[in-house]
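**Q** Before anything else, here's the structure in question.
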Amino acid sequence: MSDERQPEFSVEPERYEFDAGPVYHFDKTGGIGSPLALGRREFFKIMGGGIAVFLVLREGHGAQESGRRSFPIEENLPKNIGAWLHIGEYGVVTVFTGKVEIGQNIRTSLSQAVAEELHAPLEAIQLVMGDTQQTPFDMGTFGSRTTPTMNLQLRRVAAAARDTLVEIAAKAWKVDASKLVAADGRVSDPAAHRSVPYEVLAKGQTLAQAIVEGDPLTPATQWKIEGTSAPKVHGRDFVTGRHTFPADTILPGMLFGKVLRPAAFGATLTALDAAAAQAVPGVTVVHDGDFVGIAAPSELEATRAIAAIHAEWKTSPQISNRELFDYLKKNAEPGRERDEKGNVEAALASAAHRLEETYTVEYIARVPLEPRAAAALWKDGKLTVWTGTQRPFAVRDELAQAFGLASGSVRVIMPDMGSGYGGKHTGEAAVAAARLAKAAGKPVKLVWTREEEFTWAYFRPAGVIEIKSGIGTDGTLAAWEFHNYNSGAAAIGTPYEVANQRIEFHPVHSPLRQGSYRGLAATANHFARECHMDGLARAAQMDPLAFRLKNLKDERLKDVFKAAAQKFGWGQSPKSPGHGFGMGGGFEKGGYVATCAEVAVDRSSGEVRVVRVETAFDCGAVVNPNGLRNQIVGANIMGLGGALFEAIEFADGRITNPHLAQYRVPRFSDTPPIEVVLIDRKDQPSAGAGETPLVGLAPAVGNAIFDATGVRLRALPMVPNGLKA
Amino acid sequence: MRPLFYMPKVTELHINGRTYALQADADESLLSVLRDRLGLTGSKYGCGEGQCGACTVLIDGNPRRSCITKVGAVGAKSITTIEGLEKNGRLHPLQQAFLDAEALQCGYCTSGMILTAVALLDSQPNPSEDQIRHFMQGNICRCGTYPRIVEAIQRAAAASKKS
């Protein structure tokens with residue numbers, strides 16, 4: 001398939017893991033292959049007869065030659081394919097996309113997109129996702145970009161396939177195509193009272209077509225399948241245990257792998273005695289550069305063999321979380337992503353009220369319930385790896401680089417996995433499993449322990465945020481200065497109208513390995529901004545909702561604030577002693593969110609309880625309301641952990657709370673009733689929704705705690721040890 | 001010389017109404033044996049420390065963390081895993097309720113959630129919401145599907161009352 005890159009969009013600076021070098025350096029001894037490239041005839045030999053439609057991305061090769069919107073493929077498949085679809089002779093519609101399913105329910109919503117435009121039943125659609133041999137190149141499933149990009153691409157491909165089917169029928173019946181109707185997987189000729197199923201039209205065909213631009217798509221107001229709560233595709237396999245997650249991969253003759261972990265981050269190996277492990281029958285020990293690992297016939301033997309290795313490490317003193325924020329401030333690099341307008345100093349000097357605050361955010365872990373896992377198989381110098389990743393093509397390249405292979409000699413398959421939250425962008429487990437399998441001469445599966453997942457994955461960046469602001473006597477924002485140190489630049493800009501502003505992101509060489517997390521720094525930046533806005537509202541003696549609306553022009557953002565407030569009963573609910581109300585919201589990645597929360601604080605016990613949450617969300621035309629609600633509620637619950645109690649503790653290059661008994665994540669008892677208002681904007685393009693619903697929760701809770709107690713909490717997590725008087 | 005890793009063997013287990021013959025170290029975790037030796041991968045590894053509930057199975061009807069249960073300790077007791085709940089193509093009421101309420105996102109916690117809930121409804125056919133939360137507290141869903149899981153358990157309880 002094509003390996004040309006998709007049109008670039010700017011990747012946020014806090015996706016540090018994208019730029020990180022390889023984790024291990026091996027001797028390069030692999031063979032060289034070449035990327036798979038098929039001609040049309042070979043293609044149909046593999047796929048079986050039927051109709052195929054390829055979506056060619058911008059500057060597709062053939063498009064320039066033909067100058068047409070769509071064109072038939074005579075010989076070679078086009079380059080730069082975004083997605084493709086095959087309608088087989090038995091009625092199965094197979095759709096190929098490099099995006100992956102990680103619990104965000106995209107397999108279902110993309111199937112809806114295809115069914116919608118193909119005018120076929122949802123059950124006829126099968127998605128092949130994230131298989132580097134079969135699916136077109138894709139940068140990865142991150143940044144809430146699947147719905148705004150892949151949904152449209154698949155709809156275009158499906159619409160073109162539908163047109164092709166209609167043309168085949170028109171030709172066969174010798175009627176004008178415009179007289180025919182495609183619906184429910186059939187083409188009908190209403191005038192002649194005849195109809196034919198798609199599979200019959202596809203039979204005997206070897207018709208391949210490329211499309212370059214979009215056919216006109218069905219507007220959301222006329223959707224029949226998109227916009228409905230289609231049940232989760234393959235749902236039954238999950239409740240019966242039949243679904244095979246990456247960690248469930250079983251290969252014949254497979255061994256179990258373990259990696260010897262250094263004593264601390266950055267430690268170097270000074271002595272190694274693996275004789276005891278090596279002596280065990282069936283155990284393979286690999287020592288290659290800075291990598292030490294074993295493969296053994298069972299998990300238990302693997303664990304014991306690793307424990308039997310004697311290693312000495314040279315470690316160096318490193319900072320602990322107690323010095324973290326001081327370190328981040330002192331080690332900041334010059335500002336990046338600087339944005340400035342007006343005169344902040346003059347506006348501050350003449351403001352009626354000024355407010356200056358510093359917020360902090362700890363490192364947190366994603367804790368995907370399925371840890372990183374990979375199973376590797378070598379055959380004839382080629383490597384296949386089943387692994388849980390949000391970026392199968394990046395992992396393929398990582399493997400190719402590690403073993404000196406051409407990317408075409410490596411296949412990465414990504415079975416729908418046990419979540420990621422931005423944490424599975426890199427291929428360490430895949431590379432380690434492949435290295436062990438190569439040495440053992442047998443397939444090897446490697447699943448990280450929870451402790452490894454807590455320690456050797458990357459963390460959501462910690463950060464320090466400083467805000468200085470001023471308002472006029474009537475509550476109009478006059479000056480806004482916002483500095484984020486290290487945590488990231490996502491949603492760093494304020495959505496409020498301010499004539500004079502300076503906004504700056506300061507990167508820091510992080511003491512811990514850090515990278516993407518669901519919502520990136522939008523959570524930290526919204527927490528600081530929206531808590532600060534609450535403080536300003538109080539300084540202006542205005543209601544927090546009225547203060548926000550006064551300083552907003554964006555109608556969609558105003559609408560979500562109003563909708564959340566109305567459903568919550570903002571300003572109307574009577575307040576019990578110890579209870580407080582708060583709100584927070586904003587705009588990011590095409591989504592508008594506002595969240596209101598009620599908390600109850602017991603100052604004698606220190607217990608802080610979130611009583612209820614109301615979130616209004618607008619992500620354009622809603623593709624699957626039930627799936628969207630699931631995401632919004634889940635994002636809020638995940639957000640509770642980072643807001644209230646989650647923090648990674650570390651000292652001298654070691655994580656000191658790498659267990660679920662020490663690192664608290666939200667559980668049943670932490671979960672309040674969470675209501676959702678969906679604002680379904682059928683006039684707007686659909687945006688991704690997996691991330692942004694998370695960002696309103698922390699400030700809403702923080703502001704509610706202030707409302708209840710008069711205490712302004714400026715650190716995430718806010719109450720790891722409660723809030724005693 | 002005594003082998004480095006010598007342990008007594010477990011040769012038989014009773015799972016989902018079947019007897020399995022096997023050769024496993026008594027010290028192996030029940031979870032590893034189920035997954036790696038018997039191919040019953042519906043039970044999941046989440047933490048290996050009994051903290052998340054993804055590996056939950058029923059042993060003589062009681063919910064147990066298979067990751068910290070040594071296979072040598074099971075003996076002749078009967079084990080139920082997620083694979084054993086569906087009977088003749090019919091889902092267990094809790095499986096059906098999880099599906100109907102769409103009480104899952106990535107689905108990795110689902111097996112453990114369902115088996116824990118089976119144990120709950122066996123002991124308390126009509127639990128209150130608080131009782132459900134209390135009983136399920138040891139099971140983690142990182143996707144945050146807790147409210148729907150509570151709803152699914154309530155649905156299953158209501159469905160069994162009717163039938």
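The values are calculated or read from the model by the stated rules, or taken from the named source; none is laboratory data. The model shown is predicted, which means the values in this text are computed figures rather than measured ones. Positions of Cβ are backbone-derived with ideal geometry, glycine not excepted, and every protein chain shown enters the neighbour counts. For the accessible areas, the whole protein counts, side chains as well, though only heavy atoms, and no ligand, DNA or RNA atoms are used. Shrake-Rupley method; radii C 1.70, N 1.55, O 1.52, S 1.80 Å.
**Q** What strands (runs of 3 or more DSSP E), lying completely within region B:25-103, carry at least 1 residues that are open to solvent by 40 Å² or more (accessible area, probe 1.4 Å) and out of contact with any Leu (no Cβ under 6 Å at 6 or more places or on another chain)?
**A** Once the strands (runs of 3 or more DSSP E) in region B:25-103 are filtered for at least 1 residues that are open to solvent by 40 Å² or more (accessible area, probe 1.4 Å) and out of contact with any Leu (no Cβ under 6 Å at 6 or more places or on another chain), what remains is B:62-65, B:78-80.
**Q** Continuing with the same structure: Applying the selection to region B:136-148, what residues are within 18 Å of the chain's Cα centre (by Cα) and either small (Gly, Ala, Ser) or more than 10 Å from chain A (Cβ to nearest Cβ) (or both)?
**A** If the condition is that a residue be within 18 Å of the chain's Cα centre (by Cα) and either small (Gly, Ala, Ser) or more than 10 Å from chain A (Cβ to nearest Cβ) (or both), then B:138 is the only one that fits.
**Q** With the condition kept exactly as written, say whether any residue in region B:49-61 is closer than 26 Å to residue B:125 by Cβ and of a type in the set (D, E, K, R).
**A** Yes, the conditions are met somewhere in region B:49-61.
**Q** Can I ask one more? From the list B:129, B:86, B:151, exactly one residue is of a type in the set (Asp, Glu) and either facing chain A (nearest Cβ under 7 Å) or touching a His at 6+ places or on another chain (Cβ under 9 Å) (or both). Which is it?
**A** None of the others qualify; the one that does is B:86.
**Q** If you don't mind, another one. Please go through region A:338-362 and give me each residue that is touching a Gly at 6+ places or on another chain (Cβ under 9 Å) and of a type outside the set (A, V, I, L, M, F, W, C), ordered by number.
**A** Scanning region A:338-362 gives A:339, A:350, A:353, A:354, A:357, A:359, A:360, A:362.
**Q** Considering A:334, A:392, which residue is away from chain B (no Cβ under 14 Å) and buried (at least 17 other Cβ atoms within 10 Å of the Cβ)?
**A** Being away from chain B (no Cβ under 14 Å) and buried (at least 17 other Cβ atoms within 10 Å of the Cβ) holds for just one of A:334, A:392, which is A:392.
**Q** Let me ask something else. Which residue, of A:377, A:328, is assigned to a strand (DSSP E or B), in contact with a strand residue (DSSP E or B) (Cβ under 6 Å, 6 or more places away or on another chain), away from every other protein chain (no Cβ under 14 Å) and crowded, with 20+ Cβ neighbours inside 10 Å?
**A** Exactly one of A:377, A:328 is assigned to a strand (DSSP E or B), in contact with a strand residue (DSSP E or B) (Cβ under 6 Å, 6 or more places away or on another chain), away from every other protein chain (no Cβ under 14 Å) and crowded, with 20+ Cβ neighbours inside 10 Å, namely A:377.
**Q** On to the next question. Those residues that are among the small types (Gly, Ala, Ser), at negative phi and part of a loop (DSSP other than H, G, I, E, B), I need them from region A:331-367; list them, please.
**A** A:335, A:350, A:351, A:352, A:365
**Q** Would you mind stating whether residue A:573 is at pLDDT below 95, of a type in the set (S, T, N, Q) and in the same structural domain as residue A:476 (by TED's automatic domain parsing)?
**A** The answer is yes for residue A:573.
**Q** May I ask you to list the residues in region A:178-205 that are touching a residue at least 12 places away in the same chain (Cβ under 8 Å) and open to solvent by less than 40 Å² (accessible area, probe 1.4 Å)?
**A** A:180, A:182, A:185, A:187, A:189, A:196, A:197, A:198, A:201, A:202
**Q** Do you know which of the residues in region A:648-663 that are in contact (Cβ under 8 Å) with a residue 24 or more places away in the chain and open to solvent by 20 Å² or more (accessible area, probe 1.4 Å) is farthest from the other protein chains (Cβ to nearest Cβ)?
**A** The selected residue is A:652.
**Q** Quick test for you: out of A:264, A:230, A:277, pick the one residue that is crowded, with 16+ Cβ neighbours inside 10 Å, of a type in the set (A, V, I, L, M, F, W, C) and facing another protein chain (nearest Cβ under 10 Å).
**A** Being crowded, with 16+ Cβ neighbours inside 10 Å, of a type in the set (A, V, I, L, M, F, W, C) and facing another protein chain (nearest Cβ under 10 Å) holds for just one of A:264, A:230, A:277, which is A:277.
A quick yes/no check of all residues on (1) open to solvent by 10 Å² or more (accessible area, probe 1.4 Å); (2) within 14 Å of another protein chain (Cβ to nearest Cβ); (3) within 30 Å of residue A:627 (Cα to Cα); (4) not acidic (Asp, Glu):
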position	(1), (2), (3), (4)
A:207	yes, no, no, yes
A:219	yes, no, yes, yes
A:246	no, yes, yes, yes
A:252	yes, yes, no, yes
A:255	yes, yes, no, yes
A:269	yes, no, no, yes
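**Q** If you don't mind, there's one more thing I want to ask. State all residues of region A:417-444 that are within 11 Å of another protein chain (Cβ to nearest Cβ) and open to solvent by 10 Å² or more (accessible area, probe 1.4 Å); if no residue qualifies, say none.
**A** A:421
**Q** Check whether at least one residue in region A:97-107 is among the β-branched types (Val, Ile, Thr), open to solvent by 10 Å² or more (accessible area, probe 1.4 Å) and part of a loop (DSSP other than H, G, I, E, B), and report yes or no.
**A** Yes - at least one qualifying residue is present in region A:97-107.
**Q** Further, regarding this structure: If you go through region A:133-189, how many residues are within 36 Å of the chain's Cα centre (by Cα), modelled with pLDDT of 95 or more and on the phi > 0 side of the Ramachandran plot?
**A** 2
**Q** When residues of region A:580-596 are filtered for being open to solvent by 10 Å² or more (accessible area, probe 1.4 Å) and under 17 Å from residue A:674 (Cα atoms), how many remain?
**A** Count: 1.
**Q** Something else: I'd like the residue in region A:664-676 that is at the interface with another protein chain (Cβ under 7 Å from one of its Cβ atoms) and among the hydrophobic types (A, V, I, L, M, F, W, C) and, out of all such residues, is farthest from the chain's Cα centre (by Cα).
**A** A:668
**Q** Could you please find all residues in region A:548-566 being closer than 15 Å to residue A:619 by Cβ and touching a Cys at 6+ places or on another chain (Cβ under 7 Å)?
**A** Once the filter is applied, which keeps residues that are closer than 15 Å to residue A:619 by Cβ and touching a Cys at 6+ places or on another chain (Cβ under 7 Å), region A:548-566 yields only A:564.
**Q** Now for a different question. On the given criteria, is residue A:282 open to solvent by 20 Å² or more (accessible area, probe 1.4 Å) and in contact with a Pro (Cβ under 6 Å, 6 or more places away or on another chain)?
**A** yes
**Q** I need a count of the residues in region A:325-384 that are within 29 Å of residue B:141 (Cβ to Cβ) and among the aliphatic types (A, V, I, L, M).
**A** Of the residues in that region, 8 qualify.
**Q** Additional query: I'm checking my understanding of the structure. Among residues of region A:611-627 that are within 13 Å of chain B (Cβ to nearest Cβ) and closer than 23 Å to residue A:527 by Cα, which one is surrounded by the most Cβ atoms within 10 Å (Cβ to Cβ)?
**A** Among those that are within 13 Å of chain B (Cβ to nearest Cβ) and closer than 23 Å to residue A:527 by Cα, it is A:615.
**Q** Restricting to region B:41-58, count the residues that are within 11 Å of the chain's Cα centre (by Cα) and more than 8 Å from every other protein chain (Cβ to nearest Cβ).
**A** 5
**Q** Please go through region A:524-553 and pick out each residue that is open to solvent by 10 Å² or more (accessible area, probe 1.4 Å) and assigned to a helix (DSSP H, G or I).
**A** The answer is A:535, A:538, A:539, A:544, A:545, A:546, A:549, A:550.
**Q** Could we say that residue A:503 is under 22 Å from the mean Cα position of the chain (by Cα), open to solvent by less than 20 Å² (accessible area, probe 1.4 Å), assigned by TED's automatic domain parsing to the domain that holds residue A:703 and under 23 Å from residue A:346 (Cα atoms) here?
**A** Against the criterion (under 22 Å from the mean Cα position of the chain (by Cα), open to solvent by less than 20 Å² (accessible area, probe 1.4 Å), assigned by TED's automatic domain parsing to the domain that holds residue A:703 and under 23 Å from residue A:346 (Cα atoms)), residue A:503 does not qualify.
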